[in-house]
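First comes the structure, then the notes that go with it.
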Amino acid sequence: GESVGLHLPTLSVQEGDNSIINCAYSNSASDYFIWYKQESGKGPQFIIDIRSNMDKRQGQRVTVLLNKTVKHLSLQIAATQPGDSAVYFCAEWSGNTPLVFGKGTRLSVIA
Amino acid sequence: GAGVSQSPSNKVTEKGKDVELRCDPISGHTALYWYRQSLGQGLEFLIYFQGNSAPDKSGLPSDRFSAERTGGSVSTLTIQRTQQEDSAVYLCASSLLGQGAEKLFFGSGTQLSVL
């Protein structure tokens, strides 16, 4: 079946540095790709999404890049802060099907 | 309330017992999801309700699992004859739909422990 996965399960970043979290996907028919952030003891929280006809989308301190040629998605966090420490999930969505989530990457920010 | 509310936040039960987990979605949201998250793992889709349509039950792992949504609002996930492998965090989410990407609003989950 289709799957959404990640290159790295954990990532440690120095406070103030930029973070890059990667994700590989296999369903080229997906309409949207989405990033969620899950802090300890909480449910996932929507961060940013990108439509499949776009290559890049910027939000507040976050940028999502989509490379459809190699089916790769990344989330870039600028000037990483301690509050960014969490597990980050990529997900893909197409039409009326439920969101499919990847396994997640744990981001640890070193003060 | 302003967000998705789940109860109980923690549930400890004995193997073989039935449990019911409750989800109160955001008012006005037409779509409701249940996901399961095992320790250190990703989110496993269980079931999806959208308006008055028949629910998508394709993710339910066995016939011990069932869910209903009454009046298009509150949902209850029932696990019969619980097994130890059912131990996980059960997350509920709701969404408005029709906004392009399916932005889900999650509750904090119910931590289920089966002894």
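As a test question: what accessible area, to the nearest 10 Å², does B:Lys15 have when a 1.4 Å probe is rolled over all protein chains in place?
Its heavy atoms expose roughly 130 Å² to the probe.
Pop the C-beta distance of B:Ala54 and A:Ser52 into the FRET formula with R0 = 22 Å and round what comes out to the nearest 0.05.
0.20
Nearest 0.05, what FRET efficiency do B:Asp18 and A:Ser26 give at R0 = 41 Å with Cβ-Cβ as r?
0.65
Which residues does the label zone of B:Leu96 cover in the range B:1-41, counting backbone N under 16 Å from a point 7 Å along Cα→Cβ?
Residues B:2-4, B:26-32 fall inside that zone.
Residue by residue through the range A:61-77, what is 3J(HN,Hα) from phi via Karplus (6.51 cos²θ - 1.76 cosθ + 1.60, θ = phi - 60°)? Round to whole Hz and write x for glycine and proline.
For the range A:61-77, the Karplus-derived couplings read 6, 10, 9, 10, 10, 10, 10, 6, 5, 10, 6, 10, 10, 9, 10, 10, 10 Hz, x marking Gly and Pro.
Can you pull out the buried accessible area for chains B and A, both sides counted, probe 1.4 Å, rounded to the nearest 100 Å²?
In total, this chain pair buries about 1500 Å².
Please list B:Asp63, B:Asp18 in order of solvent-accessible area, largest first, computed with a 1.4 Å probe with all protein chains present.
B:Asp63, B:Asp18
Once phi is turned into θ = phi - 60°, what whole-Hz ³J(HN,Hα) does the Karplus curve with 6.51, -1.76 and 1.60 give for every residue of the range A:20-31, x standing for Gly and Pro?
10, 10, 10, 8, 10, 10, 10, 8, 5, 8, 5, 8
Where in the range A:67-111 does accessible area fall by at least 40 Å² between the isolated chain and the complete protein assembly, at a 1.4 Å probe radius?
With the partner chains in place, the range A:67-111 has these residues losing at least 40 Å²: A:Trp93, A:Pro98, A:Leu99, A:Phe101, A:Lys103.
Defining a contact as two alpha carbons under 8 Å apart and six or more residues distant in sequence, what relative contact order in percent does chain A show?
With pairs under 8 Å counted, the relative contact order is 37 percent.
So how far, in whole Å, is the C-alpha centre of the range B:26-40 from the one of the range A:46-85?
A separation of 23 Å, based on Cα centres.
When the convex hull of the Cα atoms of the range B:5-95 is projected onto a plane and the area is averaged over all directions, what value comes out in nm²?
Its average projected convex-hull area is 5.7 nm².
Cα-based Rg of the protein assembly as shown per 2.2 N^0.38 Å, rounded to two decimals?
Scaled against compact globular proteins, the figure is 1.02.
Tell me the relative contact order for chain B as a rounded percent, counting alpha carbon contacts under 8 Å between residues six or more apart.
Computed value for chain B: 38 percent relative contact order.
The values are calculated or read from the model by the stated rules, or taken from the named source; none is laboratory data. Note that the structure is predicted; figures quoted are calculated from it, not measured. Quick reminder, even Gly has a Cβ in these numbers, built from the backbone with ideal geometry, and neighbours come from all protein chains shown. Heavy atoms of the whole protein, side chains included, go into the accessibility calculation; ligands, DNA and RNA do not. Shrake-Rupley method; radii C 1.70, N 1.55, O 1.52, S 1.80 Å.
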